[in-house]
Every structure is written in structure tokens, then in C-alpha cells.
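Quick notes on the structure that follows.
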Amino acid sequence: MLQIFNTLTRKKEKFEPVTPGIVHMYVCGPTVYNYIHIGNARSAIAFDTVRRYLEYRGYKVKYVSNFTDVDDKMINAARENHTTVGAIADKYIAAFMQDTAALNISSDVIHPRATENIPEIIDFVKTLVDNGSAYNVDGDVYFRARKFPSYGALPHINVDQLEIGASQHVSQEEMAKKEDPIDFALWKKSKGDEISWESPWGKGRPGWHIECSVMSTKYLGKTIDIHGGGEDLIFPHHENERAQSEAKTHQTFVKYWMHNGFVTIGDDNEKMSKSLGNFITVHDLLKHLDGQVIRLLMSTTHYRRPIQYSDASVQEAKSNLKKLQTAFNNLTYRLHNAESGDDPKTDQEVRQIVADFTDAMDDDFNVQNGIAAVYELAKFANTYSERSVVFQLSIQFIINTLKQLAGIFGIKLEQSELKDDEIWKLIHERESARKNKDFIRSDEIREELKARGIVLEDTPQGTRFRKEQQ
RNA sequence: GGCGGUAUAGCCAAGUGGUAAGGCAGAGGUCUGCAAAACCUUCAUCGUCGGUUCGAAUCCGAUUACCGCCUCCA
């Protein structure tokens, strides 16, 4: 039985989607005014891993993740670069697609943009104004938060105990306009020449929270199964989404709220964020690091725990990735020297490991126990592939299983191929040199190939090769 | 000030009452022409203090430290 920790109830709950067999999930995406940093990547990876596991469990998943492509930061970025908000968005959305592809995040995602849903946003806000949930003050529209009975339930806060302006991000003018300090903007009046749209309240643009409510309900329906994002979004962003959505539809907005922990960095494990300026972009990281390493590091940390990003954690992920690839290579190599048929006892042991994996992952995506099962399978694979007699079908079964389970973590296991004839010649030359006990020549060849990134390994079944990763 | 999270070996980390999974790094070994890879062995009493219990990392109380949120944030 799959259980998910719901931020709203702070409990693990049995997962039962609204429609049996189908999961509707929405994950808050980035504001596209810069390259994404590894904190953004963490969120995308965490929920992509959730998605892959749900699919493994047989669910069909419809996945929506937005791009916030208009807000103060977008406007400032456009101004600084003497270009348009749209151009900034296009540039960084393209970069986002590249970066997330390198992290092997599924591309089967609907990516709506706020600016492409303006009429729907205006309609949504209009409904809230009409039913008394929101009010217009001279072109700015605010939501009456206190009027929503359960306001504060998601973040578990008592509205009266909020320290007004604690984060020091709200201007005096804005405070003066609101009926109540906790009210939040649905629609922002245009300040002169900045990007804007016509609306019943004059020229303006959407507030931040409204886009997610609009796009979530538009693409996935009034009640969705999973809504995800970083834990910094719990309040106010997700609480505001919940309030405004339910004030409009009078139905539960989200069944399971899921929030991922932060990526921390530095000796004091400080949260990585764009505003703190301590961020590493995925774009830069990929220049010298295999995306699969980052993927493994992040998908094997439980989504609610912080990830300490450091040289040590990257190194560990590198080693572990290599471990998986090696086990896969060892098996694949041995496939050529296997007896036909299968070995039921081996298959049974593999199935047991898969059962352990599933048990772990069913428990709120307990990936540490899940990956432990995968490492056990890798060890089992290595031991098996060194047996004197192995069976093709069993090897193939282990390969398929290893590939499938690693795939849930976003790790692609593929057979490396050597297309270069010259390299093959050298490998064959070395084999005959070894037969003639000409170890000087054979070591020479091994060194030469190593310098070209190809490592040779001698086994009882012959010489095998692998490409050395960077 | 309010709310929440975390504290387990050098590092990452599992574990919700019965005498501490797994991984990385380290050490020793097997295998190998030498290697590589793999495999085997080895490496902690769970922040501190007190309590409950036959028995606690696990429950209760207190305490300390670090991190996060309180309308920019994944």
C-alpha cells in the first residue's frame, strides 16, 4: 500500500487518487529570469522520481509544471538586458529544457506559461471579486484571506500570530492599500510602461499565486491528487493557492500536498537560493559534471530531507553511479557466455529484492531503503556474473530489473559500444600478446587504451572493456 | 515573538520497545602474469541530562546546537 506524507495533515496517508489508476499532479516550476540552480533541480528531480515510481506502480500520470514568466524579477531582468520579458522567458525556458533533459527528467510534462493564460486568470479573479472573496483597490485586486475559514491550515499557522512584515518584502504602499495585512494580490496594477494586459480593473498583470490555481484547475481539474513544490512554498504560495481555488470552486483543491526539502551549501548548511546569491546553476555544473551524477545524488535523498551539496556528496554519487554501471556492464558482458535457459532460484532471489524495493518506496518514497535494495541487486548481479555457469534468461532478467529500478531514480543504464575498428584491433592484438605471454606489449596496449578512456579488464571469459567516465 | 524540522561511525544515512540496514572513504584478504572489476572480512551504542520499562536510538520530561518558514524563493 502506497502512503504519502501530506503536508496538510502532517501524516502519512494511504494514496488513493480521485480517479482510480490516474494521477493528476502539479509541481510549481521556476520563475524564468535566470538559469535554474540545483535547488530548483532538486525539486524537479524529487517529483520526477515520484512520478516515475507512480508509473512503475501502474498509474497513468498527467503532470503539469508551470513557468512563471511575468513578475517583478522578469520585468527587472528585461530592463537590465534591454530586452522584453518574453525574450527573457524564451531564453531561460529553452535553457530549462536543456538542463532538465541532462538530468533525465521526463519530458512528458505540460508546461503552461502564465502569460499564455491571461484570459483564464482574469476570469478566475473576476469570479472571486464577484463572490466577495476579493476586492479592487484602485486597480489592484486583493484576496480577503481572513474570510477563508481555514486560512492557515496548510502551513499550520495561526493568522493572528503572524509577525507582519517579518520577511521585509512588502512595501509600505501595499500595506496601506490592503484591508488586512495578510491579504494578498491577485492582480497588480501596471506601473507605467511595464508589461500589462487590459482587465476589468484596468491595465495590470497577475499576482504570483493566481497563475498556479488557474493552470492547475484548467489542465487537471478542480481537485487534483498531488501538488508539489519546495517547502518554502508552503506559506504563503500554496496556502494562497488553496484559499483562492477553494473560494472559487468550493471543492478540495488538492488531496496530497507534498513538499521537498532544500539544497544546502557551505559549512553552515545554508539554504541555497537566488536571493542569497549562494547558488550553483545546473547550466554551469553540467560543464564539468555528468548530469547522471547530480540525478543520482538528488533522487536517492528522501524528498523531505535537506541535501547537503558538497564535493563529498558529489564524489559519493559518482562512486555509486559507477557501481550501478559496472554491475550492468558485468552482466551484459556475461550474457555472451551464458547457457540457454534460466535458473528459477536466481529469479526468485531477484523477485525478493524487488519486493523489498517496493515495500520501501511505498512508504512515502523511502528512497534510501529503495536504493539499498538496488545496491543489493547490483551486488547480487556481480556475484552471479562471476559464476562459472550462468543462464541467459536469468541474466537478462537481472539486467532488465536493474535497468528498471535504476530508471525510477532517473539513472539510464546502457551498454557502451566500441565502434572504432582500430581499438578493436588493439584489443585483439593484446589478446594474442597475452597468449604468448608478451606482457610488455599487452600492458602497453592497455595503457594506451586507458589514455583514450577505455579500460580493459581480463576475466575468465575473456577481455572486456568499459569506457571510463569523466 | 509564533510555527516547524534535524541531531545515529571520518562522511551520507536506515531504523518508532528487544541487544544498531545500506552506501562513500579507510584497513586486511581472495582472485589476477600484473592490473582492473568483483567478492569476503573489518570499522558506532545512537546531541546532553533525567524518567518510564525486564529491556529504549526508538516512549515521556528537560536541555543544547544547527537549519527553515512567518507574503522574493524549489
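The values are calculated or read from the model by the stated rules, or taken from the named source; none is laboratory data. Values in this document were obtained by computation on a predicted structure and should not be read as measured data. Ideal geometry is used to build each Cβ from the backbone, glycine not excepted, and the neighbour counts take in all protein chains shown. Areas reflect the complete protein model, heavy atoms only, side chains present, ligands, DNA and RNA absent. Shrake-Rupley method; radii C 1.70, N 1.55, O 1.52, S 1.80 Å.
Below, the figures for the structure above:
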| quantity | calculated |
| --- | --- |
| Ranked order, A:VAL293, A:VAL129 - accessible area, probe 1.4 Å, largest first | A:VAL129, A:VAL293 |
| Label-zone membership for region A:385-419, site A:LEU335, 7 angstrom Cα→C-beta point, backbone N under 14 Å | A:391-404, A:413-418 |
| Lys, Arg +1 and Asp, Glu -1 on Cβ, resulting dipole of region A:1-141 about Cα centre, debye, nearest 20 | 840 |
| Extension reserve of the A:THR459-A:MET175 stretch, reckoned as 0.36 nm per residue once the Cα distance is removed | 94.9 nm |
| Whole-Å distance, taken between Cα centres, linking region A:328-372 and region A:414-470 | 29 |
| Solvent-accessible area of A:VAL254 with every protein chain in place, 1.4 Å probe, in Å² to the nearest 10 | 10 |
| DSSP-assigned coil residues among trypsin sites (Lys or Arg not before Pro) in region A:1-106, each with at most 15 further Cβ atoms within 10 Å | A:ARG10, A:ARG57 |
| q = 0.07, 0.10 Å⁻¹: log10 I(q)/I(0) that the Debye formula gives for chain A, counting C-alpha atoms only | -0.46, -0.82 |
| Acute angle (nearest 10 degrees) that the helix A:344-362 long axis makes with the longest principal axis of chain A, alpha-carbon atoms | 20 |
| With Cα atoms, 0 to 90° folded angle of helix A:439-451 axis to chain A main axis | 10 |
| Accessible surface, chain A, averaged per residue in Å² (probe 1.4 Å) | 47 |
| Those GluC sites (Glu not before Pro) in region A:168-243 that DSSP places in a loop and that have at most 14 other beta carbons within 10 Å | A:GLU179, A:GLU198 |
| Label-zone membership for region A:238-252, site A:LEU162, 7 angstrom Cα→C-beta point, backbone N under 14 Å | A:238-244 |
| Residue-wise HN-Hα coupling along region A:243-257, computed from phi with Karplus coefficients 6.51, -1.76, 1.60 (Hz; x: Gly, Pro) | 4, 5, 5, 6, 5, 8, 8, 6, 10, 4, 7, 9, 7, 10, 8 |
| Dipole moment magnitude, nearest 20 debye, chain A about Cα centre, only Lys, Arg, Asp, Glu C-beta charged | 580 |
| Under 5 Å, built H, 5+ apart or other chain: amide partners of A:THR31 | A:THR68 |
| Nearest-10 value in Å² for the accessible area of A:LEU393, using the 1.4 Å probe | 110 |
| Selection of GluC sites (Glu not before Pro), region A:328-399, meeting DSSP coil and at most 14 other Cβ within 10 Å | A:GLU386 |
| Backbone HN-Hα couplings from phi across region A:227-237 [Karplus 6.51/-1.76/1.60, Hz, Gly and Pro as x] | 10, x, x, x, 5, 6, 8, 3, 10, x, 3 |
| Lysine pairs within region A:131-267, Cα separation less than 16 Å, 8 or more sequence positions apart or different chains | 13 |
| Cα centroid of region A:287-309 to Cα centroid of region A:121-151, whole Å | 40 |
